[in-house]
Structures are given as C-alpha cells and as structure tokens.
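Inspection log for the structure reproduced underneath, given as structure tokens.
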Amino acid sequence: EEKETVKSENKEVLIQDARTGLTVEALKKAILNNLFYVQGKYPEIATRNDYYMALSFAVRDRLLQRWTSSVKQYLEGKNRVVSYLSAEYLLGPHLANNLINLGIYKEMEQATQELGVNLQWLIDKEVEPGLGNGGLGRLAACYMDSLATLEVPAIGYGIRYQFGIFEQDIRDGWQVEDTDNWLRRGNPWEIARRELNYEVKLGGYVQHYMDRDGRYRSNWMPELTVKGVAYDTPILGYKVNTCNALRLWKSEAPKSFDFQSFNSGDYNHAVNQKIICENISKVLYPNDETISGKILRLQQQYFFVSCSLQDMIGIHLRQGEKIEDFNVTFAVQLNDTHPAIAIAEMMRLLLDEHDLEWVDAWRVTTRTFAYTNHTLLPEALETWDLELFGSVLPRHLELIYEINKRFLDEVTIKVYGDHQKISSLSIIGEGPRKFIKMANLACVGSFAINGVAALHSDLLKKTVLKDWYAYSPEKFSNKTNGVTPRRWMVLSNPKLTALISEKIGENWIKHLDELKNLEQYADDPEFQKSWMQVKLEMKQELAKRILGKTGVKVDPESMFDIQVKRIHEYKRQHLNVLHLITLYNRLKQNPKMDMVPRTFIFAGKAAPGYKMAKLIIKLITSVGDLVNNDPDVNHRLKVVFYPNYNVTNAQRIYPAADLSEQISTAGKEASGTGNMKLSMNGALTIGTLDGANVEIREVVGEENFFLFGLTAEEVTQKRNEGYDPYTYYKSNKELKLAIDQIASGYFSHLDDKIFKDLVNNLIYHDPFLVLADYESYVACQDKVSEAFRDKAAWARMSILNTARMGKFSSDRSIREYCDDIWKVKSVPVHLNGDS
Ligand code: OAK
C-alpha cells in the first residue's frame, strides 16, 4: 500500500506563496508558520533550535518546489543521468549554502531581523553532517554542488551513517575522540522515502542448478537479508532551478525477518538480527587512506552499492527501457574503490535477476562504470582477504573468479609469457593468503580511469596502475580536482566576495575564470588596502575564536601560517613543526632579532588507530605550550592547534590565512583541495611540486608561489640510492638541535620517552623524507618572511593568487567529466507552474 500514489483531479497542485515565495514577507510568514505547525511553538517560547528548524523547513519548502520540477523535467526528456557512487559525502552545513544558492541570503537576513532573531546565530546552530573523512568526501560534496549548478541530471548515492566522523577534543595535548551524534536534534534537510527500499543479501552460500530451459543458474541463499531505506537530501544548484538528490541508504531489518523469528518464538535471535542489520549504516570508518579490512566495512560498501544499483535499474525500467540499454540511461562514477564491488553486483543483477547472458551483461557493465583513483600510497589500495570476502559475498566471489578468468585469458594472449604482468593485472592476489584487489576490479570493469591532478594521473600510469596503462591506455585521463566557489568563497568569505563583486560584478561566482578581471587592480594601492583590510578582519574574527577554543591569544597583525588537513606522515605536519622550533631557537639565541611575527595554526584529525599521527598532534601542542608561555618569544611566535577540524571550522579558517602550507612529500598527495580553497581566499602557498600544487603554481605564476623541496622524481631517485636521514640530521646544526630538543624532553617536561618513536622514525627511517627537505624548506620560509615585510608586494601577490584561480572551480572539473567521460548534457529546469 505504501507504493500507491495519490491521484488528484488537479494535476497542478496549488502552490502557496508562504511555501515558495522569496520575498521578505513570504519568508517571515513561512518561518512563523513552521514554528507553529512543525515545531508547535509560538515566538515567545521558541528555542534557538526551534527557530533553526523553522527556518530550515522554510528553505526546504523552496528546494522541494525546484526538486519536483527537476524530477518532472528529467523524466520527460530521455536524458542520461550521472550517478555518483561514494562511501563519503562531507557536505558541511546546509542552511547558509541553500540561502546562497536560492539567492535569498539578504532577504532571509532581513526577515529574521524583523522577527527579532539573528540569522548568523541560527546558521551557527546547525550540526554539520560529517559523513566523510577528508579530501575524497569533500570532493564528492563539491561535485554535487557543481552538477546541480551546471544543470546536469545527477544522483549522488551513499550511506546515511548514524554517526559521522568522530568529534575531536584535545585533552592534555592529546587527541580524544567523541561520537558524532549529528542526528540528535533531527535533520530538517532529509526526506525519508520509506516506500523506496531494497533488500540486500549477505553471507550464506550459492546453489547451482539447471533451469527448465537448460540454463545454468545460481541461487544465492543468504545468511542474512537487510533492508536499505532511501533518505533524500535536495542539492540545489547556484541560482538555477536544478535540484538533484543525494540519496543515502539507511540499513534496517526487513519486515519478513522479524515475522519469522518472532513467530518462531526466538525473541532474542530476532532482536539480535535487528541490531546486526541496523549496525551496517551505524558509523563511518574514520580511516583516511588506510585500510582496515573489517567485515562490517565490506558490508557497508556492498550494502549501499546494491541498493543504489537496484534503484537505478528500477528507474531505468520504469521509463520503459530495456535492461540491455541501462548504460544509455546511467553513467556511474566510482569515487575510488570503495564502491568498486558495483562491477560484480551489476553482473549479478544482470545475470541472476534480469536473465542476461554473460557477454551482454559484461558489455552493459563495462559501458556503465568509470573509476576515479584518489591515492598514490600503495598501502591505501584496497584489498580484501579472499576468504573473508567469500564469507560476505559468496556469489560475487564466483563472479569475480569468472571475470578474472575471462580477462586473464585475454591478457595471456596479449602479453605472451609475461607472468609478472599477468599476476599484476589479476584481480586476485596470491600470497600466504589470497586477496581481492579492488583497484583491479575497478579497472577491468570501467571504460574510463582517471587521476585527480596532472602529476597524479601521470604517476598513476608510471606506478600503481602501470600495467593497466600499458594494457588499456585509451581508458586513462586526468581530471584535475576543483572546489565550489559558492561554499569556499561566497559563503565562507562574504567580505572578500563583496569586494570582488564591487569591482568585477557577480558573474565570477558561476564563471570563476572571470576572477582574472581582478588582475588589473593588483597594483592599485587603494584596492590593495581594501584587500588586506578584509584579510585583517577575517584574522581578527579567527583570533577571537582561537582565544575562545584554546585560550591562546594571537596577534592578528602577525602572519597566519596555516596547515589544516588530516594528520598524516606524508603531509608532513612534523616538517612544519621543525621549522617552528627552528624559529623559536633563533629567537632564544638572539632575542633582539628582528623577526616577522608568525602564528602557526594547525588543525586536523588523526585516525584513531594511527599512533604516529596522534603523536604528531601531541608534538604540536607540546611545542605550543612552551612557546606560547615564553615571554622571550611569545609576542612574535604563537602556536595553535584548533580542535575538531571540519567543514564548519574550515570555512572560518581559510579566509584568515596568509600562508598556506602544502608541504607533502612530492609524489604522495594525489591532488589536495585545501590548497585551492586557501589560494582562492588570497593565501600564498609554500609548497612542494606535488598534486595540484604543480598546476596552482603554473597558473598563479612562479613568482607568486614559494616552492621548495625535492621533486617526485628526485624523491624516487633518493630512495633508490639508499636514503640515509641520519646524515642530514648530523650535518645541519639547526635541524639537529630541534630534533635533539624533541628527543630530550625539552618540550615535554623532560619526558624523554614520549616522542621517542617519532624521533627514531625520523632519524633512522624517515619514509617521507622530512629531513631531506628540511633545509630547503627553512630557506624558503625565510624568503616568505622577507616577502611578508613588503605589505604592498604581498597584497599584490595575494590578489593575483585569487585572480588566477579560475581553473580550480569544481564547475570546470565537472564540465570535463561531463564532456569526456559521462557524455551528458545540461537540462535546464523550469519551475512547475511556470510556463
Ligand atoms: C581516502 C581514502 C582512500 C583513498 C583516498 C582517500 C582520499 O581522501 N584521497 C584524497 O582525495 C582528495 C580528492 O581527490 C585529494 O585531493 C587528496 O590529495 C587525496 O589524498
């Protein structure tokens, strides 16, 4: 009965102005209306959360009008739809973003003011959905914004984790994790689609039999069946009517199961099964670029992929299309290998559920999927123990064997006798235990494979996917990442946005290349002054927050030197710390020295099980405790560890940055996207030739970028020569002093054990060549300090950075995916009721 739709005499629903109007009056009415009818409150007794909810529902009503119009438009035309499969979406708060994309920020500001509440106060009430770890999840969110803004029909599929990325607290200088109960106060942005649900099998075994037509068939007898329920979040484009769906699956126990167990009287068993089912979408794994190999994680991946593919097939068939033409309706992008099981699941659905023959099923599958790789760290490439895999997905294991067999037959002919190549291309890895290589599954089953920055795509072909490139070069391309200027400029930096728009109009928000029109003002002293004034005000705001969160008082006139990102050895936060200690020592040894004051700001989470990353946080906070309390230095040096880095905090930090630290070991950071956001907001970059830094430097000009360090090639060469960090340690006095101080307990109340692992790792192993790059880094930092003294020259470089960042809009990235990979076109949406 749930699936029935209501048939109305009136095809066009009467649309109430209070639900759709964009005027101040309509908004006020809508807020009060929602306060009363949804929250059950009148203004005098409404809480801040009541107001936040009322406001959000008022905004959501306006999104829904655009959403239903989009759905209608998509169903009418036969348009190819992009389906983005991602285990993570790091969306950030919705309210302010939706106000901007609807174009009613100002109106809402006035409406709330007239009702006697402050808009910013309500915006700050939103708990952000932290359904991602870092770069990969945030990229998915930027891409959803750009898809809608470019009016591309698209669905984002993922998991509705009940608990997102943990909240980070700092206690005694260490990271402490707390659960992220983001749904606690309700989520006004989602709509539960109870009627949209699919069953997903797990575990058990496979029966084989011959059917009446003599066809060989498989029957998967699962140990457990779970139900996925769709929760939709509308994603509106910027000043367009296109509103796409982000469809996240929540796992539940299927009704049928409850009945069986409850009726048979085994109440405990029934309750346990229910919990097992609900656990699947319970929590996001907090590992960034590390694999955990846990059964639950594989179940999560399969769960959301299966629901999503069943959903797509349903949509396709309901349009009256044939199953063989699935790939005409959908282009499916795999956001790294987390959803790569989709290749096998598609085959299962086509063969076992829709009766296609193998060759036809494989043709459809390999015309459907495209795969994006997001890492060069070999240890981050996903594999599953074969036995474990088979215990969760017995049918898929059979299918993977078959896919692999057919593929390797083809390979063997092509590479004649090269066993090395055959085993490297095989989906199944051999060793003490066999394992499934998800990247290989993604590569065989996809028609396109891409990296996320020029250097990364190039290195993929030479390293981790070398044999794949040799085998199918035509599949490979580069799609340099981008970020949405709506969130990362307009929303996070309204003052800079106003200043830019005053000079060049507002077109740049949708056509970021137009920022180049700012170049003509780079030398204008008046403009430079206004530009640096905005920067100063953003630094003052951040300084207040820093004081509130950490108790550290920082000087907004000092250089804000910022490294914010996940804590990882390859990102080298410890290299930054070594520079910081060096400056401290210089000041202590020469207190009269004329030094450019700096505030070192760090933020980022460490994976809970990643010891070295947690130790790096402790190192930062330990050095900070000493430096911040030393009157000899603390008017020129300050160290801040800003806790709980997330989208909300990122929005407050980027606008206040003078210097952006992008100091990963060359060849390790696939792209980076924080580097783009910082530069767009007028920060200058100190960086290695890694990831998208290469392309950022290319566009902003080498004279506006502080380059240091070994190149990717030199890094490889150095390693091959037998890199010995100890010689660097011995031969550089400042470096040796800094490391010796850490080792001796100088920053840890004379505790000489706590940083032992970190120090030994650096001087004896140093897998990320921190010591090799130290000298070049410090020399470059000295140049940065000198440059900061010349305010006009700095302002000029800052303006030019922003002016030349047009390339790094996610609109550009998405346009490239649309043209080169997905072959999809824009479909402008007209509002229902409009003609
Ligand atoms: C996470 C898990 C597994 C593999 C990769 C990641 C990941 O987050 N990678 C990051 O993706 C970003 C978006 O493409 C890049 O900008 C980062 O450089 C990369 O580390």
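Miscellaneous remarks
- Within the range 466-499, the set of residues being more than 22 Å from the chain's Cα centre (by Cα) and either outside the structural domain of ALA683 (by TED's automatic domain parsing) or modelled with pLDDT under 95 (or both) comprises LYS466, ASP467, TRP468, TYR469, ALA470, TYR471, SER472, PRO473, GLU474, LYS475, PHE476.
- Meets criteria (modelled with pLDDT of 95 or more, in the same structural domain as VAL640 (by TED's automatic domain parsing) and within 30 Å of ALA666 (Cβ to Cβ)) for GLU502: no
- Applying the condition of being surrounded by 15 or more Cβ atoms within 10 Å (Cβ to Cβ) and free of Cβ contacts under 8 Å to residues at least 60 places away in the same chain to the range 544-567 and asking which residue is nearest to the chain's Cα centre (by Cα) yields ILE567.
- Scanning the range 82-127 for residues that are assigned to a loop (DSSP other than H, G, I, E, B) and within 16 Å of the ligand (Cβ to nearest atom) yields a count of 5.
- Within the range 543-584, the residues that satisfy the criterion of being among the hydroxyl-bearing types (Ser, Thr, Tyr), under 26 Å from LYS783 (Cβ atoms), in contact with a helix residue (DSSP H, G or I) (Cβ under 9 Å, 6 or more places away or on another chain) and in a helix (DSSP H, G or I) are THR582, TYR584.
- Restricting the range 572-604 to residues that are crowded, with 21+ Cβ neighbours inside 10 Å and touching a Lys or Arg at 6+ places or on another chain (Cβ under 6 Å), the residue that is farthest from ASP766 (Cα to Cα): THR599
- Any hit, the range 68-79, residues being of a type in the set (S, T, N, Q), within 16 Å of the ligand (Cβ to nearest atom) and touching a residue at least 12 places away in the same chain (Cβ under 8 Å): no
- Subset of the range 638-688 (residues that are away from the ligand (no atom under 16 Å from the Cβ) and either under 17 Å from LEU136 (Cα atoms) or of a type in the set (S, T, N, Q) (or both)): ASN644, THR648, ASN649, GLN651, ASN681
- Unique match (being within 25 Å of LEU334 (Cα to Cα), surrounded by 20 or more Cβ atoms within 10 Å (Cβ to Cβ), within 16 Å of the ligand (Cβ to nearest atom) and of a type in the set (Lys, Arg)) among ARG160, ARG138: ARG138
- Residue count, the range 369-397 (criterion: under 18 Å from PHE476 (Cβ atoms) and away from the ligand (no atom under 16 Å from the Cβ)): 1
- Residue in the range 75-83 that is in contact with a Leu (Cβ under 9 Å, 6 or more places away or on another chain) and surrounded by fewer than 19 Cβ atoms within 10 Å (Cβ to Cβ) present: no
- Taken over the range 291-339, the residue count meeting the criterion of being crowded, with 19+ Cβ neighbours inside 10 Å, away from the ligand (no atom under 16 Å from the Cβ) and acidic (Asp, Glu) is 1.
- Hits in the range 146-186 (condition: without any contact (Cβ under 8 Å) to a residue 24 or more places away in the chain, part of a strand (DSSP E or B) and under 20 Å from LYS125 (Cβ atoms)): ASP178
The values are calculated or read from the model by the stated rules, or taken from the named source; none is laboratory data. All values reported here derive from a predicted model rather than from experimental measurement. With ideal geometry, Cβ positions are generated from the backbone for all residues, glycine too; neighbour counts draw on all protein chains shown.
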